Amino acid sequence: MKKHFLLASLLLGLSFTQFAYADDELVAEPSVVTPEEGVDTFHSRGYVNLTLGIEEDKKLPPLPANVEFKGNFRRIVTASYSKDINTIRFIPKEAGFGTLTIHDKRNGKIVAEYRINVKKSKLDKVVHEMRALLGDIEGISIKIVNDKVVVDGQILLPKDLARIFNVVKQFGEQASSLVTLSPLAQKKIAEFIARDINNPEIEVRAVNDKIILQGYANNEEEKVRAEIIAKTYLPDIVIDAAEDGGPIKKRRPLNDGVINLLEVKAAPVAPPKKMIQLVVHYVELNKDYSKAFKFQFTPELGDNSQMTFQTGGDSPGGIISSITGTVSNLLPKLNWAKQHGHARVLESTSLIVEEGKRGEIKQVTDQPYTVLGKDGTQGTAFASVGIVTGITPILSGEKSSSVNMEMSFEISSLLGNTPAGAPIVSKNQMSSTVTVRDRQSAAVGGLIRNATSTGYNRPAGQKNPIISLYASKDFVKQQSQFVVFVTPIVKTSASSGSEQIKKKFRLRD
């Protein structure tokens, strides 16, 4: 008990002054408590019953400025006086009776008188044993009251309360416990919960053995998490003796001791989505190569024979005939040709779309052709030839510069016409998903075509050659490659970059 009393004195900033002995009387330093001038002090009397081994504090009435302590009490007790709280502490030394009187030095009158009785008790042994078992628990005192050892005070931990209960139980009816949990324990637990939740907008309060959560959580997940943390820190439920079989029936804590009053903050207004400029380049490379060789020696004999009849004139009549022969293609012919052709087509388009929205680019030409209806009426239809591109850009993150693009391409080209005049159209489709950093390009698709043809010995136009020496070879190779490049450019707004365009073309608002 002495240890806890001194601890409380240090916490409260108090101090006890040991009496100084002067002959047969106790002399104390002047008290801080000073009554008003002209007010007489009253004569207080009382009895102090003490038990050996147990200290006790006695609150004194208001005392004059200068007092002195007399009596024969020093034989049975040791006394110390605290001027700050006007309290005297008695420490029994031996059994017996004594008297303590407090006198006013100004007039010698007695202002207080106490009869002190110190006795032995069979409970002293119980007190010493319990102090040995429970001395390391802060906040409790052990004293003898009404022929029973009583453990009183407030503690912080439920496990200490369980230990006190088990110790008191060992002594049966000789001891009892009035120890309760301190309200400071709940406050400390609330501080630990708030620190673990780590959200300044969430308030944790301890009220009547309950933990109340108030404030605003950022989302529903944080609200649930805060309640789980609070339940984890909750101590075991302590049932008071008055409640356990007594007249008091406490309400059970709601929600296992945690009352969740948290509200979820309204979602902030989403910032405007960024604009993304899509620059698409279509590159087509054509390469043609042809080589032809022909050697021809096919002479022909032409018969130009004719017969002429002549009469009259000075010459006698008769028949004149002539035979004429013509040889054609008499000289051999050699033809050789080689041709190279290169063509590159580059088309560029640009489109600004909002993040997450689909942008579409069409470069289509309608080719007309004639069709016949049911009644033989003539009409015109169109075949679409060109490129159709669809791109949906999505930023990887709010602060990321990477753009995820879902793309689809449809390429149609005109190959020729049918005998009826209808166009022959070739279509190619492609879809892909790629991720490209801002202002970087990616070749997202390509189409490569190779065509090769070879022809040998195809003479024509000769009917009856005298001799035929003919050799020819035609070689044709055609290559084409189509590649699409996409470059995303992240912009803060759709008007970004318009000033440069106005300046370039000298446009005014």
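The values are calculated or read from the model by the stated rules, or taken from the named source; none is laboratory data. As the structure is a computational prediction, the values presented were derived from the model and not from experiment. Backbone-built Cβ (ideal geometry, glycine too); neighbour counts: all protein chains shown. Note: areas computed on protein heavy atoms with side chains; ligands, DNA, RNA excluded. Shrake-Rupley method; radii C 1.70, N 1.55, O 1.52, S 1.80 Å.
Some notes on this structure:
- When each of SER80, SER121 is tested for being in contact with a Phe, Trp or Tyr (Cβ under 6 Å, 6 or more places away or on another chain) and open to solvent by less than 60 Å² (accessible area, probe 1.4 Å), the lone residue that passes is SER80.
- Subset of the range 155-177 [over 50 Å from the mean Cα position of the chain (by Cα) and either open to solvent by 50 Å² or more (accessible area, probe 1.4 Å) or not aromatic (Phe, Trp, Tyr) (or both)]: VAL167, VAL168, LYS169, GLN170, GLY172, GLU173, GLN174, ALA175, SER176, SER177
Condition check ((1) in contact with a Phe, Trp or Tyr (Cβ under 6 Å, 6 or more places away or on another chain); (2) modelled with pLDDT of 80 or more; (3) in a strand (DSSP E or B); (4) among the hydrophobic types (A, V, I, L, M, F, W, C)) across all residues:
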site: ILE320; (1), (2), (3), (4): no, no, yes, yes
site: ARG344; (1), (2), (3), (4): no, no, yes, no
site: GLU347; (1), (2), (3), (4): yes, no, yes, no
site: LYS362; (1), (2), (3), (4): no, yes, yes, no
site: ASP366; (1), (2), (3), (4): yes, yes, yes, no
site: LYS374; (1), (2), (3), (4): no, no, no, no
site: ILE391; (1), (2), (3), (4): no, yes, yes, yes
site: SER400; (1), (2), (3), (4): no, yes, no, no
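- Scanning the range 436-453 turns up at least one residue that is within 20 Å of VAL279 (Cβ to Cβ), at pLDDT 85 or above and among the aliphatic types (A, V, I, L, M).
- Index of the failed condition, GLU398 passing every other in (1) within 49 Å of the chain's Cα centre (by Cα); (2) closer than 27 Å to PHE482 by Cβ; (3) open to solvent by 40 Å² or more (accessible area, probe 1.4 Å): (2)
- Selection from the range 125-154 of residues that are open to solvent by less than 80 Å² (accessible area, probe 1.4 Å), assigned to a loop (DSSP other than H, G, I, E, B) and free of Cβ contacts under 8 Å to residues at least 40 places away in the same chain: ILE137, VAL145, LYS148
- Scope the range 365-383; condition touching a residue at least 40 places away in the same chain (Cβ under 8 Å) and closer than 28 Å to VAL280 by Cβ; matching residues: GLN367, ALA383
- Each residue in the range 369-417 was checked for being polar (S, T, N, Q) and within 30 Å of ALA443 (Cβ to Cβ), and 11 pass.
- Sole exception among (1) within 24 Å of THR349 (Cα to Cα); (2) open to solvent by 30 Å² or more (accessible area, probe 1.4 Å) for ILE391, by number: (2)
- Residues of the range 55-79 that turn out to be aliphatic (A, V, I, L, M), outside any strand (DSSP E or B) and more than 12 Å from THR99 (Cβ to Cβ), as a count: 3
- Exactly one residue out of GLU220, GLU227 is surrounded by fewer than 14 Cβ atoms within 10 Å (Cβ to Cβ), within 25 Å of PRO268 (Cβ to Cβ) and touching a residue at least 24 places away in the same chain (Cβ under 8 Å): that is GLU220.
- Unique residue being part of a strand (DSSP E or B), out of contact with any Phe, Trp or Tyr (no Cβ under 8 Å at 6 or more places or on another chain) and at pLDDT below 80 when the list is GLN462, GLN481: GLN481
- Screening the range 162-194 for residues that are touching a strand residue (DSSP E or B) at 6+ places or on another chain (Cβ under 9 Å) and of a type in the set (Lys, Arg) and picking the one that is nearest to HIS128 (Cα to Cα) gives LYS169.
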